[in-house]
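A.B. asks: Sharing a structure, written as structure tokens. Questions coming.
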Amino acid sequence: MILVFRYIWLDVFSKTADKTHERRNVILKIAICDDELEITQQIEGMVRKCLPDCEVICYGCGTDLLAAQETFDLIFLDIQMDGLNGIQTAKKIRSMDENVLIVFITGIKEYVFDAFDVTAFHYLLKPVQIEKLQEVLHKAERKITGEKHCKKRQLLIKTREKSLTIDTDDILFLENALRKIVIHTKTEPILVYGTMSEFEQKVGSGFYRSHRGYLVNMAHIAEYDTENIYMDNGEIAYLARKNYPDFVKQYMRFLRDGDVYHA
């Protein structure tokens with residue numbers, strides 16, 4: 001059933017005991033998975049040098065990483081591993097954990113495009129340079145700290161009978177329906193009054209206007225072609241052909257940086 005409600009927007013801030021309102025960095029739990037021991041040790045050393053307080057666990061293959069059943073904030077994953085390769089390992093990880101940041105390590109740049117299916121946070125080319133690794137670590141730290149401490153954007157929908165809120169993270173995409181908007185969420189479609197341009201301003205970064213009638217949450221994209229965007233729940237949003245080049249550019253930046261840059 002599609003629910004029809006009026007809406008207002010709220011910015012809900014997490015409460016903190018820090019009266020100065022300064023963010024404190026979290027201690028990251030990091031996994032390094034590579035079947036070359038020398039490279040694993042090298043990356044571990046650089047990670048500990050960049051983030052002395054972090055927790056690091058190393059694995060020699062994807063099977064061992066999966067078998068450990070640990071929860072991580074960030075995983076460095078070699079693509080070219082014997083047995084279960086990095087992409088296969090990442091797909092299994094992603095099926096269990098939608099939030100962990102995955103950074104692929106590869107000696108062949110073309111393999112980076114295989115990372116689209118698992119929403120990779122970034123990639124590093126071998127030999128890994130400490131300056132580039134430090135940049136990735138700091139981006140990951142800011143993203144994770146922000147998710148845990150910064151404001152959380154929500155949509156509050158009110159009727160005479162009840163009210164409900166929707167986290168923008170739970171929105172898959174928005175679709176025009178005559179003079180209304182259908183909000184496709186993880187649980188149900190919700191019909192509200194409003195315009196797509198209005199919603200585009202409200203949802204903020206991470207969403208892309210793929211078509212005049214569609215606004216897509218890039219965090220929930222499973223795959224795409226020149227005409228369609230396939231969401232991770234199986235639903236499909238339209239992609240205008242004229243928008244395809246810009247969409248690819250924005251989506252690649254989203255995968256690389258964990259956020260959206262607007263050109």
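A.B. asks: Would you mind counting up the charge near Ala68? Only other residues with Cβ under 14 Å from its Cβ, with Lys and Arg at +1 and Asp and Glu at -1.
C.D. replies: Residues close to Ala68 contribute a combined charge of -2.
A.B. asks: Just the projected area, averaged over all directions, of the convex hull on the alpha carbon atoms of the stretch 169-263: how many nm²?
C.D. replies: Its Cα hull, projected and averaged over all orientations, spans 5.7 nm².
A.B. asks: What is the extension gain from Asn233 to Ile108, computed as 0.36 nm multiplied by their sequence separation minus the C-alpha to C-alpha distance, in nm to one decimal?
C.D. replies: That pair, Asn233 and Ile108, stretches by 41.9 nm at full extension.
A.B. asks: Keeping every protein chain in place, order Cys50, Cys58, Cys33 by accessible area at 1.4 Å, biggest value first, i.e. largest first.
C.D. replies: Reading off the accessible areas and sorting them downward yields Cys58, Cys50, Cys33.
A.B. asks: Ok, one more. Step through the table entries Lys29/Lys92; Lys29/Lys202; Lys29/Lys186; Lys109/Lys249; Lys180/Lys202, compare each Cα-Cα distance with 22 Å, and write down the pairs that go over it.
C.D. replies: Lys29/Lys202; Lys29/Lys186
A.B. asks: Would you mind checking which residues have amide H under 5 Å from Thr185's amide H? H placed 1.01 Å from N; only 5 or more apart, or other chain.
C.D. replies: Leu172, Ile190
A.B. asks: Which FRET efficiency value, to the nearest 0.05, do you get for Arg142 and Met252 by plugging their Cβ-Cβ distance into 1/(1 + (r/R0)^6) with R0 = 22 Å?
C.D. replies: Efficiency at R0 = 22 Å is approximately 0.65.
The values are calculated or read from the model by the stated rules, or taken from the named source; none is laboratory data. For clarity, every value in this text was computed on a predicted model and none was experimentally measured. Please note: Cβ atoms are built from the backbone with ideal geometry, for glycine as well, and neighbour counts cover all protein chains shown. The protein model used for the area step is the full one, side chains on, heavy atoms only, and it has no ligands, DNA or RNA in it. Shrake-Rupley method; radii C 1.70, N 1.55, O 1.52, S 1.80 Å.
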